[in-house]
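Some notes on the structure that comes next.
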Amino acid sequence: MSYIALGCVILALLMWANGGKPILKRREWRFLSGAFAVAAFAGAAFVGLKGSWGSAIVLVVLGLGFAVSTRRTGVLPPRASGSMSEVEARSILGVSATASSEEIQAAYNRLMRLAHPDKGGTDGLAAQLNAARDKLSKK
């Protein structure tokens, strides 16, 4: 347990020395977090076999925390339709600058059938499609 406390102190000192800015980028952090999760699970198995159940439980919880943090994607919340440019909206829907409102609606319907949250899509993608359609239909 003293190694975990020492690691936390070292991490806190590194963050303090860096002025609170992230030390690692998202990709590097996800890789390192996965490695920490594997190490925590291995450590939990080792100390659990030695009979130290309290330490094993702490290491399993720590490993689960690291494992969950590797899956976080950091998706930004959808922007309001007013802040999306026409070029972005056309790029999202895949329509040309001369597309009619019927073509825009057809592209929206086609993409929404694939990206709807009830069909396995995400709320963020559906919101972007809605914002793009709203932006282009206001013209």
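We did not get these values from a lab; they are worked out from the coordinates using the rules stated. Because the structure is a prediction, the values reported are computed rather than measured. Positions of Cβ are generated from backbone atoms using ideal geometry, with glycine treated the same way; all protein chains shown enter the neighbour counts.
A few notes on this one:
- About the Cα centre, charge dipole magnitude for the range 81-137 (Lys/Arg +1, Asp/Glu -1 at Cβ), debye: 120 debye
- For the range 2-71, the C-alpha radius of gyration sits at 1.21 times the compact-globule guess of 2.2 N^0.38 Å, with N the residue count.
- Within the range 81-137, the proportion of Cα pairs with more than 14 Å between them is 47 percent.
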